[in-house]
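Comments concern the structure below.
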Amino acid sequence: MVTGMIIVFGTTCYEAYGETIEDVVTLNLPHNGLTSTLQTLYCFAIIGSVPIMLTVPFNNIEDMPCFKRLPHLCSEKWNRYLMRITIMVLIAIVACLVPNFGLFLNLVGCFVSTALTFIFPVLFYEKTHENEITAARKKCHVALVLSGVFCGAISIFMSVGEIIAESGLSG
């Protein structure tokens, strides 16, 4: 259902704006107060979602022995906050310093999204239900993984092409 919604939304936006469509579709909207409000609220939503996405990596870092050996400048709670703030600032600096960071994110997304959507779920299911999988289902799983790898390869190829075109390396 979500995939269908994304396809319909993406197709509709492409049909409306054609080749001039921006990476972030809100940039195609007319520049007025409503659009500025929408973009501001969208920024707050993204800013609010980053700490949620980083909760697991933060917890993993905090459980590492090297983190526990760091000098405690203040209480353990404040050391955790300081580490999290430091990581967020470093991420922001990298995002600002890397030219065409969006293209780099596209490339990373090609690998990660393909693996998380098509490959890992099938492999985990196969591992946890290995005694229950029929030959027909096994063939479906292979087809799903192969289609994911194929689509991921196309995405990687397109992202690398965009990076090369944007950097001026293409002859």
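The values are calculated or read from the model by the stated rules, or taken from the named source; none is laboratory data. Just so we're clear, the structure is a prediction, and the values are computed from it rather than from any experiment. Every residue, glycine as well, gets a Cβ built from its backbone with ideal geometry; the counts of neighbours run over all protein chains shown. For accessibility, only protein heavy atoms count, side chains too; no ligands or nucleic acids. Shrake-Rupley method; radii C 1.70, N 1.55, O 1.52, S 1.80 Å.
Structure data summary
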{"read-out": "The one condition in (1) within 19 Å of the chain's Cα centre (by Cα); (2) closer than 24 Å to residue 103 by Cα; (3) open to solvent by less than 60 Å² (accessible area, probe 1.4 Å) that residue 29 fails to fulfil", "value": "(1)"}
{"read-out": "Number of the exception - residue 105 against (1) assigned to a helix (DSSP H, G or I); (2) at pLDDT 85 or above; (3) surrounded by 12 or more Cβ atoms within 10 Å (Cβ to Cβ)", "value": "(2)"}
{"read-out": "Hits in the range 1-26 - residues which are open to solvent by 70 Å² or more (accessible area, probe 1.4 Å) and among the polar types (S, T, N, Q)", "value": "3, 11, 12, 20"}
{"read-out": "Long-range neighbours under 6 Å by Cβ, at least six apart or interchain, first residue over 17 Å from residue 52 (Cα atoms) within the range 63-92, second part of a helix (DSSP H, G or I)", "value": "67/61; 72/79"}
{"read-out": "The range 125-171: number of residues that are over 30 Å from residue 103 (Cα atoms), open to solvent by 90 Å² or more (accessible area, probe 1.4 Å) and not in a loop (DSSP other than H, G, I, E, B)", "value": "5"}
{"read-out": "Residue list for the range 77-101, restricted to those being exposed (fewer than 10 other Cβ atoms within 10 Å of the Cβ) and closer than 22 Å to residue 63 by Cβ", "value": "77"}
{"read-out": "Residue 46 vs. criteria open to solvent by 100 Å² or more (accessible area, probe 1.4 Å) and either part of a helix (DSSP H, G or I) or touching a Pro at 6+ places or on another chain (Cβ under 8 Å) (or both)", "value": "no"}
{"read-out": "Filter result for residue 56 (of a type in the set (A, V, I, L, M) and surrounded by 11 or more Cβ atoms within 10 Å (Cβ to Cβ))", "value": "no"}
{"read-out": "Single residue of 133, 163 found to be touching a helix residue (DSSP H, G or I) at 6+ places or on another chain (Cβ under 7 Å), of a type in the set (A, V, I, L, M) and within 26 Å of residue 91 (Cα to Cα)", "value": "163"}
{"read-out": "Residue pairs meeting the criteria (Cβ under 6 Å; at least 6 apart or on separate chains; first closer than 14 Å to residue 143 by Cα, in the range 106-125; second aromatic (Phe, Trp, Tyr))", "value": "none"}
{"read-out": "Yes/no for residue 113 being in contact with a Cys (Cβ under 9 Å, 6 or more places away or on another chain) and within 25 Å of residue 50 (Cβ to Cβ)", "value": "no"}
